[in-house]
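In what follows, a single structure is set out as structure tokens and then discussed.
The values are calculated or read from the model by the stated rules, or taken from the named source; none is laboratory data. It should be emphasised that the depicted structure is a prediction, and the values quoted were computed from it without experimental measurement. Cβ placement follows ideal geometry from the backbone for every residue including glycine, while neighbour counts extend to all protein chains displayed. The accessibility values were calculated without ligands, DNA or RNA, using every heavy atom of the protein model including side chains. Shrake-Rupley method; radii C 1.70, N 1.55, O 1.52, S 1.80 Å.
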Amino acid sequence: MSNRVSKVVLVGTGAVGSSYAFALLNQGIAGELVMIDVKKEKTEGDAMDLNHGLPFAPAKMIISHGDYSDCHNADIVVLTAGAAQKPGETRLDLVEKNTRITKSIVEEVMASGFNGIFIVASNPVDILTYATWKFSGLPKERVIGSGTILDTARLRYMLGDYFNVDTRNVHAYIIGEHGDTELPVWSHAGIGVIPIFDWMRKDPKYKVEDLNDIFVQARDAAYHIIEKKGATYYGIAMGLVRLTKAILQDEHSILTVSTYLDGEYDHKDLFIGVPAIVTRNGISGVIKMELTATEKDRLNHSIRVLKETMNSVNL
Ligand code: 6V0
């Protein structure tokens, strides 16, 4: 048995990347973390700072700053590089700038001989995940976008608060584009094993209209947080660590990630957020939910908008 430790390379040590590094260290999931950014000094400082936390960490982790040659034997490369949304800017506004950055990074990663799994978080994440797949030439299963993992987490947190139950017992998905056209799948939402609408009948204080308000809060949360503090990073960082753990520990967990559709939900040739099974070899399958007519219309709309933007960058 090999005693090689699991290795993660992080590209982009801005707000999201450095929060990811911190969360990864605190959860003791990877054996080695190498960080790369155009801001080399900053990344060197991050490595020093994180190393000084090792005496308090749950497990050993080799932490360094490096360059693309470090990717050759990495299990996972995480992409959090690129421009972030400015107040009032949509994720889709970022598309051209970040597609260019993603292309240059992916080419350098692949030139190292990398043959692992990409996790993509930079926005617009569904389009950049597709771009990473195209530019890398890796099998589609081995390119995973963070998709609606964060949106789903926000919805679950807010529903847990509304129903006063542990957020981990809320089963609900947001699917579609990570952005303005995403949608909640209420037809398959539940608290424990109880369908959400049955749970709501227990008490007249629960109103179906409230569900839409909660979804809108979850969907628009990034705008509100960016208005208040300029960026969002802790939630997504923890979501990315969750995804990293599901891969490295071969969990077969169902997470709402941006994955390739090849006929599922009647669509092809795009990456979009849907529940999928995450394993050591990447995505092993998409969960196909029977959507209501309204949910189907909303997903079709989300896909139409996404494809229009994708066409604008000729992927
Ligand atoms: P940030 O704090 O500006 O960090 C970006 C980092 O990328 C900086 O350190 C840059 O130096 C670095 N960078 C830029 N170009 C390159 C390059 N060519 N090579 C290497 N490094 C480079 O942004 P922040 O960390 O806030 O956001 C990063 C990305 O994550 C953005 O695209 C956000 O929109 C996206 N987010 C995605 C979320 C999701 O749910 N998927 C959530 C929040 C942010």
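Identify, please: which residue in the stretch 256-315 is small (Gly, Ala, Ser) and open to solvent by 10 Å² or more (accessible area, probe 1.4 Å) and is, among those, nearest to GLY116 (Cα to Cα)? Show your work before the answer.
Of the residues in the stretch 256-315, the ones small (Gly, Ala, Ser) are 258, 263, 273, 276, 282, 284-285, 293, 302, 312.
Filter again for open to solvent by 10 Å² or more (accessible area, probe 1.4 Å), leaving 263, 284-285, 293, 312.
On the way: GLY263: 25, SER284: 15, GLY285: 18, ALA293: 38, SER312: 29 Å.
Per the stated criteria, the residue is SER284.
Any residue at all in the stretch 152-161 that's touching a residue at least 40 places away in the same chain (Cβ under 8 Å), open to solvent by less than 20 Å² (accessible area, probe 1.4 Å) and within 14 Å of the ligand (Cβ to nearest atom)?
yes
Without any contact (Cβ under 8 Å) to a residue 12 or more places away in the chain, in a helix (DSSP H, G or I) and farther than 20 Å from ASN115 by Cα - does that describe any residue in the stretch 226-241?
yes
Which residue pairs have Cβ atoms closer than 8 Å, lie 6 or more positions apart in sequence or on different chains, and pair a first residue in the stretch 164-180 that is at negative phi and assigned to a helix (DSSP H, G or I) with a second residue that is among the basic types (Lys, Arg) and open to solvent by 20 Å² or more (accessible area, probe 1.4 Å)?
Taking only residues 6 or more apart or on different chains, the pairs are THR167/ARG156; ARG168/ARG156.
Just the residues that are touching a residue at least 60 places away in the same chain (Cβ under 8 Å) and under 23 Å from THR132 (Cα atoms), please, taken from the stretch 277-298. Before the answer, list the steps.
Step one: list which residues in the stretch 277-298 are touching a residue at least 60 places away in the same chain (Cβ under 8 Å), which gives 278, 281-284, 289-292, 295, 298.
Those that are touching a residue at least 60 places away in the same chain (Cβ under 8 Å) and under 23 Å from THR132 (Cα atoms): VAL278, ASN281, GLY282, ILE283, SER284.
Are any residues in the stretch 225-255 among the β-branched types (Val, Ile, Thr), within 25 Å of MET289 (Cβ to Cβ) and either surrounded by 20 or more Cβ atoms within 10 Å (Cβ to Cβ) or within 14 Å of the ligand (Cβ to nearest atom) (or both), and if so, which ones?
Within the stretch 225-255, the first condition is being among the β-branched types (Val, Ile, Thr), and the residues that meet it are 225-226, 232, 236, 241, 244, 247, 254.
Next, from what is left, pick out any that are within 25 Å of MET289 (Cβ to Cβ): 236, 247, 254.
Listed by number, the residues that qualify are ILE236, ILE247.
Could you grab me the full set of residues in the stretch 209-224 that are within 18 Å of the chain's Cα centre (by Cα), open to solvent by 20 Å² or more (accessible area, probe 1.4 Å) and closer than 15 Å to ARG156 by Cβ?
Here is the first cut: in the stretch 209-224, the residues within 18 Å of the chain's Cα centre (by Cα) are 218-223.
This time we only want the ones that are open to solvent by 20 Å² or more (accessible area, probe 1.4 Å), so: 219-220, 223.
Within the stretch 209-224, just ARG219 meets the criteria.
Report, by residue number, each residue of the stretch 4-26 that is away from the ligand (no atom under 12 Å from the Cβ) and either in a strand (DSSP E or B) or over 14 Å from ILE62 (Cα atoms) (or both).
Initial filter on the stretch 4-26 (away from the ligand (no atom under 12 Å from the Cβ)): 4-8, 22-26.
Passing the criteria: LYS7, VAL8, ALA23.
Just checking, how many residues over the stretch 133-151 are closer than 15 Å to LEU261 by Cα and away from the ligand (no atom under 11 Å from the Cβ)?
8
Starting from residues that are charged (D, E, K, R) and in a helix (DSSP H, G or I), keep the ones in the stretch 83-102 and report whichever is nearest to the ligand (Cβ to nearest atom).
Step one: filter the stretch 83-102 for residues charged (D, E, K, R), giving 86, 89, 91, 93, 96-97, 100.
Filter once more, so that each one left must be in a helix (DSSP H, G or I): 91, 93, 96-97, 100.
On the way: ARG91: 6, ASP93: 10, GLU96: 13, LYS97: 9, ARG100: 9 Å.
My answer is ARG91.
Of all residues being within 11 Å of the ligand (Cβ to nearest atom) and open to solvent by less than 10 Å² (accessible area, probe 1.4 Å) in the stretch 103-124, which is nearest to ILE225 (Cα to Cα)? Just the residue, please.
Checked the stretch 103-124; the qualifying residue nearest to ILE225 (Cα to Cα) is PRO124.
Can you find a residue in the stretch 70-82 that is closer than 23 Å to PRO124 by Cβ, modelled with pLDDT under 95 and either away from the ligand (no atom under 11 Å from the Cβ) or not in a helix (DSSP H, G or I) (or both)? Let's see the steps before the verdict.
Applying the first criterion (closer than 23 Å to PRO124 by Cβ) to the stretch 70-82 yields 76-82.
Applying the additional criterion that residues be modelled with pLDDT under 95 yields 82.
From what is left, the residues that are either away from the ligand (no atom under 11 Å from the Cβ) or not in a helix (DSSP H, G or I) (or both) are 82.
Yes.
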